[in-house]
1. Out of all the residues in the stretch 115-143, which are at pLDDT below 80 and more than 21 Å from ASN241 (Cβ to Cβ)?
2. Under 7 Å between Cβ atoms, at least 6 apart or on separate chains: pull out the pairs that start in the stretch 83-102 with a residue that is on the phi > 0 side of the Ramachandran plot and end on any residue that is of a type outside the set (A, V, I, L, M, F, W, C).
3. For THR102, only one of the following conditions fails: (1) open to solvent by less than 40 Å² (accessible area, probe 1.4 Å); (2) under 22 Å from the mean Cα position of the chain (by Cα). What is its number?
4. Sort through VAL45, VAL76 and tell me the only one that's touching a strand residue (DSSP E or B) at 6+ places or on another chain (Cβ under 6 Å) and either of a type in the set (A, V, I, L, M, F, W, C) or open to solvent by less than 50 Å² (accessible area, probe 1.4 Å) (or both).
5. Any idea which of ARG263, ARG205, ARG210, ARG220 is surrounded by 16 or more Cβ atoms within 10 Å (Cβ to Cβ) and either farther than 28 Å from ARG129 by Cα or out of contact with any Lys or Arg (no Cβ under 8 Å at 6 or more places or on another chain) (or both)?
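The values are calculated or read from the model by the stated rules, or taken from the named source; none is laboratory data. Just so you know, these numbers come straight off a predicted model, no measurement behind them. Cβ coordinates were reconstructed from backbone atoms using ideal geometry, including for glycine residues, and neighbour counts include every protein chain displayed. Protein only, heavy atoms only, side chains kept; ligands, DNA and RNA dropped before computing areas. Shrake-Rupley method; radii C 1.70, N 1.55, O 1.52, S 1.80 Å.
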Amino acid sequence: MRLGALLPRAVLVAMAWVLATAAFTLAADKTSIIGPQPATTAASVPPPVLTVPAVDSQAFVFAKGILEDAGFGWRVSGPVHGYSGNKVVSQSPAAGTHVIDTGAPVIVLRLARGAYAENGTPEDSSTYRATAIKLAGARHVQAAPKPALNKKVPTKKVPTKKVVPATKPKPKPKPASTTTPPAARPPAFAVKGAPKEPLDEMTLRARANRLAAWIGTHPRHTSKNVNRWLYQHAWIVDGANFGWSHGEQALVELIAIDSRVERMWGVGRRSEKVARAALARVRRLSR
């Protein structure tokens, strides 16, 4: 009687052990057949692409400013050096080329002598380190879809309708222009061969005032801040030496800015000497 009572319980334990073994074997077979799942990787973000601006036929003082504003470095190649009044005759890569933003992709310039005298030290490279040029690949160019070939498109016959000639509306009178032409800026003095002051740019005095306000909000000495200050500094000094209007007032403001930069950033003494020499020249030629 005791053996008969234990027999059903033993059968149940044996059946449970068989089912557990079968489930473990099936799981092992699935793992060996399917294998580990590959890890998913995040999609790579394409690097930003820059477009090379056109600076050929520009005065060198304008060309370097255009390149720096667009995020490029530059280097002068050839026998003619980087003086403000010289003219750009070629650039490499050419204008419109798409390049990968490597930091400050370098543009190589070749210059020709201008009529303006070559005074001081030439600038044959950007004040910050230029980086290598990497042309953007074809993935950045979207090709137009090709038309399907050898496919006949059924045409539907459209009933023709008589066209009634419409009366031509009378042209509306053009509104009077509200934009005023830029005011003339008489030069402080004439310099043979110097480029004319661009009227679509702010005056030298306004540029100096804006630079002073910007310096006041950027107390940290960083390479980006220094490069911007040097670019605006060169623009004001070169423009004043070309005889552009309000050059004397702009240089007085610039010298005060340089003194402030020396106190804030610990640099600028050499730039202040350049500005003072330009101020003395401008005052002498303006008499």
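1. Across the stretch 115-143, the qualifying residues are GLY137, ALA138, ARG139, HIS140, VAL141, GLN142, ALA143.
2. Taking only residues 6 or more apart or on different chains, the pairs are GLY96/THR51.
3. Failing condition for THR102: (1).
4. After applying the criteria, what remains is VAL76.
5. Unique residue meeting the criteria: ARG205.
Listed here are the residues, each with its yes/no results for (1) at pLDDT 90 or above; (2) under 22 Å from PHE62 (Cα atoms); (3) aliphatic (A, V, I, L, M).
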{"residue": "GLU197", "(1), (2), (3)": "no, yes, no"}
{"residue": "LEU211", "(1), (2), (3)": "yes, yes, yes"}
{"residue": "TRP229", "(1), (2), (3)": "no, yes, no"}
{"residue": "ALA234", "(1), (2), (3)": "no, yes, yes"}
{"residue": "TRP244", "(1), (2), (3)": "yes, yes, no"}
{"residue": "ARG263", "(1), (2), (3)": "yes, no, no"}
{"residue": "VAL267", "(1), (2), (3)": "no, no, yes"}
{"residue": "GLU272", "(1), (2), (3)": "yes, yes, no"}
